[in-house]
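Heads up, the thing below is written out as structure tokens.
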Amino acid sequence: MTQEAFHKLVHLVMASPAKPPEKLFLGGMDDWHARARLAHFLAMPAVGKTEEALELFHSVVEADVDEENAEDVEEKVFALQKLSDLERKQDNTAEDALRHIDAAIELAESTDFLYKYILRGELWGDRWNIMHQLKMSQEAEEEVDERIEAYKDIPVSHVSYLYYGYRFKAMLAAERGVTLVAKDYMHMALHSMEIPPQYEAGLEKAFSATHDNASWILNEVDRATPNPDTVQWDI
């Protein structure tokens, strides 16, 4: 991508409903941070420049980061995660998506930082879902069980690895038509999350469904669950 094309795309996203400030992109094409930030906005449905977003995200894959700087590490992890998310929705690129989420996990877990936005458990959840898409469900579930065993007894209450692990097992149980098991796993997932009081009634209603459409029940539970990005996590 040329500098001219880059700047045209900057002005395109600045005129979009998101209206990001121009200072986010001041580094131009020579700055991987600016390329990654522009790619995030280009990937938004309101902008719809997926191909350009993929090009810019791919240009970030080999970028060097300051591993002593939590924000720098987190920004690259987020770029890799979004690249993976875009690829898993494209035709014939799920294996690329798996490779890039693995790179995100490796970078995120190379430090002890408590990131502001990235959840290590969510990254693993993305990996397991991509593996499921690639017909690697058994391997994914084995990894989930390993993560649960590693983190279930640690002395903190809100563990993203457990939430996303049990959530994945609940999804598999729903697909297998085992409704009670799916509900049990979702209860276990929610025990790992901080649930504000205002969500409790909605969750109780979702879990109280008496029919056997497990996927519908899980969707209702998800709708009644607080956004994981908005609650406090210990790890």
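The values are calculated or read from the model by the stated rules, or taken from the named source; none is laboratory data. Just so we're clear, the structure is a prediction, and the values are computed from it rather than from any experiment. Glycine gets a Cβ as well: all are built from the backbone with ideal geometry, and neighbour counts include every protein chain shown. For the accessible areas, the whole protein counts, side chains as well, though only heavy atoms, and no ligand, DNA or RNA atoms are used. Shrake-Rupley method; radii C 1.70, N 1.55, O 1.52, S 1.80 Å.
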Legend entry - Unique match (being more than 18 Å from the chain's Cα centre (by Cα), under 25 Å from residue 52 (Cβ atoms) and open to solvent by 30 Å² or more (accessible area, probe 1.4 Å)) among 153, 91, 112, 145: 91
Inset, instruction - Check region 162-175 and report whether any residue there is crowded, with 22+ Cβ neighbours inside 10 Å, modelled with pLDDT of 95 or more, closer than 24 Å to residue 107 by Cβ and among the charged types (D, E, K, R). - result: yes
Inset, instruction - Go through region 215-233 residue by residue and tally those that are touching an Asp or Glu at 6+ places or on another chain (Cβ under 8 Å) and not in a loop (DSSP other than H, G, I, E, B). - result: 2
Legend entry - Near pairs, Cβ below 7 angstrom, 6+ apart or cross-chain, from region 93-113 (in the same structural domain as residue 78 (by the TED database)) to any residue that is open to solvent by 60 Å² or more (accessible area, probe 1.4 Å) and part of a loop (DSSP other than H, G, I, E, B): 110/67; 111/67
Inset, instruction - Would you check if residue 16 is of a type in the set (Ser, Thr, Tyr) and at pLDDT 95 or above? - result: no
Legend entry - In region 184-235, the residues that are over 12 Å from residue 158 (Cα atoms) and charged (D, E, K, R): 184, 200, 204, 205, 212, 220, 222, 223, 229
Inset, instruction - Could you tell me which numbered condition residue 103 fails, if it satisfies all but one of (1) touching a helix residue (DSSP H, G or I) at 6+ places or on another chain (Cβ under 6 Å); (2) modelled with pLDDT of 95 or more; (3) not in a helix (DSSP H, G or I)? - result: (3)
Legend entry - Scan of region 176-207 for residues that are β-branched (Val, Ile, Thr), open to solvent by less than 20 Å² (accessible area, probe 1.4 Å) and assigned to a loop (DSSP other than H, G, I, E, B), ordered by number: none
Inset, instruction - Could you please give the count of residues in region 133-146 that are free of Cβ contacts under 8 Å to residues at least 24 places away in the same chain and touching a Phe, Trp or Tyr at 6+ places or on another chain (Cβ under 6 Å)? - result: 0
Inset, instruction - Determine whether region 192-207 contains at least one residue that is under 29 Å from residue 94 (Cβ atoms) and under 18 Å from the mean Cα position of the chain (by Cα). - result: yes
Inset, instruction - Of the numbered conditions (1) part of a helix (DSSP H, G or I); (2) open to solvent by less than 80 Å² (accessible area, probe 1.4 Å), residue 211 fails exactly one; give the number of that condition. - result: (1)
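Take region 47-73 and flag every residue that is among the β-branched types (Val, Ile, Thr) and in a helix (DSSP H, G or I).
If we filter region 47-73 for residues that are among the β-branched types (Val, Ile, Thr), which is where we start, we get 47, 50, 60-61, 65, 73.
If the condition is that a residue be among the β-branched types (Val, Ile, Thr) and in a helix (DSSP H, G or I), then 50, 73 are the ones that fit.
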